[in-house]
Amino acid sequence: MLVEMKVEGLLFDPRSNMYILLLKGADDQGTLPIWIGKPEADSIALALGKVATPRPLTHDLIKNVVDGLQVKITRVVVTEIIDNTYFAIIYLSDGKKETLIDSRPSDAVAVALRAGVPIYVDESIVGARSADELDEWLKNLKPEDFGNIM
């Protein structure tokens, strides 16, 4: 079963020097933290802020290519986690056939935000990962870390 999620925000993790993409269940069905790189965090932040760039960035390009081919992005799904690596799929449809594209969750979310499509997560991931991982991260925060959170 899939859980629809929204981007709750982005945090900076000073210990790993990475960003945390926080996905939150649309009906308060848990929170899922996913550690991502700076370029992906920047792209997601631009999409969340609806910031227009003078030229298309990578995720804008993906949306433009899909639109140019007259195909629609219908949804993205974070499907599984293997060895602490998340996997996602971007669903495309031409009205007759659905095509599934393998993706990193950070890229899938960046594209979903630009396309205005829903983001889903397999419920087995939300139940298994969200509370433990986020609680552990929050438990290890020190007061000086708060100056680095976006």
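The values are calculated or read from the model by the stated rules, or taken from the named source; none is laboratory data. Predicted, not measured: the structure shown is a model, and the values here were computed from it. Positions of Cβ are backbone-derived with ideal geometry, glycine not excepted, and every protein chain shown enters the neighbour counts.
Here Ala41 meets the list (1) of a type in the set (A, V, I, L, M, F, W, C); (2) more than 15 Å from the chain's Cα centre (by Cα); (3) under 19 Å from Ile119 (Cα atoms) almost entirely, failing just condition (2). Check whether at least one residue in segment 46-56 is buried (at least 19 other Cβ atoms within 10 Å of the Cβ), touching a residue at least 24 places away in the same chain (Cβ under 8 Å) and in contact with a Ser or Thr (Cβ under 9 Å, 6 or more places away or on another chain), and report yes or no. No.
For segment 23-38, the tally of residues that are without any contact (Cβ under 8 Å) to a residue 40 or more places away in the chain and surrounded by 15 or more Cβ atoms within 10 Å (Cβ to Cβ) stands at 2. When residues in segment 59-86 are screened for being exposed (fewer than 14 other Cβ atoms within 10 Å of the Cβ), of a type outside the set (Asp, Glu) and modelled with pLDDT under 95, 3 of them pass.
Among the residues of segment 87-128, those that are more than 24 Å from Lys50 (Cα to Cα) and in contact with a Phe, Trp or Tyr (Cβ under 9 Å, 6 or more places away or on another chain) comprise Glu98, Thr99, Leu100, Ile101, Asp102, Ile125.
In the set (1) farther than 20 Å from Glu80 by Cβ; (2) modelled with pLDDT of 95 or more, Lys50 fails one condition alone, (2). When we screen Val121, Val111, Val126, Val117 for residues that are of a type outside the set (Phe, Trp, Tyr), more than 30 Å from Asp67 (Cβ to Cβ) and modelled with pLDDT of 60 or more, the only hit is Val126. When the residues of segment 87-117 are filtered to those that are touching a residue at least 60 places away in the same chain (Cβ under 8 Å) and of a type in the set (A, V, I, L, M), the one that is surrounded by the most Cβ atoms within 10 Å (Cβ to Cβ) is Ala110. Close Cβ contacts (under 9 Å, 6 or more residues apart or on different chains) running from residues in segment 1-14 that are farther than 16 Å from Lys38 by Cβ and touching a residue at least 60 places away in the same chain (Cβ under 8 Å) to residues that are among the small types (Gly, Ala, Ser) and in a strand (DSSP E or B) comprise Val3/Gly25; Glu4/Gly25; Met5/Gly25; Lys6/Gly25.
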